[in-house]
Amino acid sequence: MAIKELTGVSPQDMEGKGNLGRPNPPSVSVEEMQRILDELPREVLVPALNRMAEAQNENNILFNTSLEEFSRELAQKLNKTSALERDNQTPYTPSGDFHPTTVLFVREQVEAHAAEDRLHISEEERKLGRLAERIAFSNPAGAFTPAPGVDFALTADSDVTLILNAPAARGDRFLSMRGFLAIGSEGTADWGSGLMFADGRKPELAAGNCYLLEYFYHPRLPSLPESSGGRWSVRCTCFR
């Protein structure tokens, strides 16, 4: 909004105007003296007042237009269909990236996600619990060889390192079994020979952790000679 500047009367505007500085007596006619006396009001003051009045009128138009636009925009912002007031009691669900939201909506989202997380965790715990209920824990002395097709559970708490041996070969049938391994703070465990691991890397069995061991028997691998027997592979998942 470009506001017009209001200008007054400067000394330069009045220079040479009026009776000031003329000789006494002025030695002019009555008509000329009347013109001289009206010179400042007519030629300086009235034009200046007219300029200010015109500028002010234009400014008034600008102010009125801006005020009307502001009033329309304010009315739109105060419209309850497009704004949330501080005392809002109506449920509101945002549908865009930059929409506002309510405290209730945020709280419900947090509680819903927390409930989903609890449900997910409890379901995993139930699955592991059902497996643990079907198998008995044992304390092997130094070595353990799983029986093919039989789930198991182990604890390693002594000073003797627990060695997990590979199960015996089982002919031409695919087999699988699962077991738990819990290693105490002073216990140690390691893998025996004859087992295959993903990428050929043996998972490290660390003290203070619990592991889910899943054994899979492959009757014959395509990469081995036909006379070769099957092999056992292990997938090891750590639960801290």
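The values are calculated or read from the model by the stated rules, or taken from the named source; none is laboratory data. The model shown is predicted, which means the values in this text are computed figures rather than measured ones. Here the Cβ positions follow ideal geometry from the backbone for every residue, glycine too, while neighbour counts run over all protein chains shown.
Is one or more of the residues making up the stretch 193-203 of a type in the set (S, T, N, Q) and exposed (fewer than 14 other Cβ atoms within 10 Å of the Cβ)? The answer is yes; a qualifying residue exists. Applying the criterion of being of a type in the set (Ser, Thr, Tyr) and at pLDDT below 80 to the residues of the stretch 76-110, the residue that is surrounded by the most Cβ atoms within 10 Å (Cβ to Cβ) is Ser82. Scanning the stretch 1-49 for residues that are closer than 30 Å to Phe63 by Cβ, of a type in the set (Val, Ile, Thr) and more than 60 Å from the chain's Cα centre (by Cα) gives Val9, Val44, Val46. The single residue among Leu175, Leu181 that is surrounded by 16 or more Cβ atoms within 10 Å (Cβ to Cβ), under 18 Å from Ala143 (Cβ atoms) and not aromatic (Phe, Trp, Tyr) turns out to be Leu181.
Just give me the residues in the stretch 21-30 being assigned to a loop (DSSP other than H, G, I, E, B) and exposed (fewer than 10 other Cβ atoms within 10 Å of the Cβ), in sequence order. Of everything in the stretch 21-30, those that are assigned to a loop (DSSP other than H, G, I, E, B) and exposed (fewer than 10 other Cβ atoms within 10 Å of the Cβ) turn out to be Gly21, Pro23, Asn24, Pro25, Ser27, Ser29. Would you list the strands (runs of 3 or more DSSP E) that sit entirely within the stretch 129-219 and hold 2 or more residues that are within 13 Å of Ser233 (Cβ to Cβ) and at pLDDT below 90? Strands (runs of 3 or more DSSP E) meeting the threshold: 175-183, 210-218.
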